[in-house]
Amino acid sequence: MKQLSIRYPWKGLERGQSFFVPCLDAEAVRREGLNQALKFRVFDAKATPCIRGGLIGVLFHRGPVR
């Protein structure tokens, strides 16, 4: 598998916030993004493949504030 060179902003992401990563292989980006979230101890991360602004990609988000 190819090594992905995407910088995921998990470190500065607060609960309830999200970010979008445009890509062609949504499953590989989803897996890599969730693995990166675990490295920053973000255990409530979720990833949803979607189309946003005409681009295919993955929407990553953290759970809401409790």
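FYI, it's all coordinate maths here, none of it is from the lab. Keep in mind it's a predicted model, so treat the numbers as computed, not measured. For neighbour counting, all protein chains shown are included, and Cβ atoms are generated from backbone atoms with ideal geometry for every residue, glycine included.
A few notes on this one:
- If you go through segment 5-26 and pick out every residue that is basic (Lys, Arg) and free of Cβ contacts under 8 Å to residues at least 40 places away in the same chain, you end up with 2.
- Looking across segment 25-36, just one residue is among the charged types (D, E, K, R) and surrounded by fewer than 12 Cβ atoms within 10 Å (Cβ to Cβ), and that is GLU27.
- Screening the candidates VAL65, VAL58, VAL29 for the property of being in contact (Cβ under 8 Å) with a residue 12 or more places away in the chain and more than 11 Å from the chain's Cα centre (by Cα) yields one hit, VAL65.
- Out of PRO9, PRO49, PRO22, sole residue that is within 24 Å of ARG66 (Cβ to Cβ) and surrounded by 12 or more Cβ atoms within 10 Å (Cβ to Cβ): PRO9
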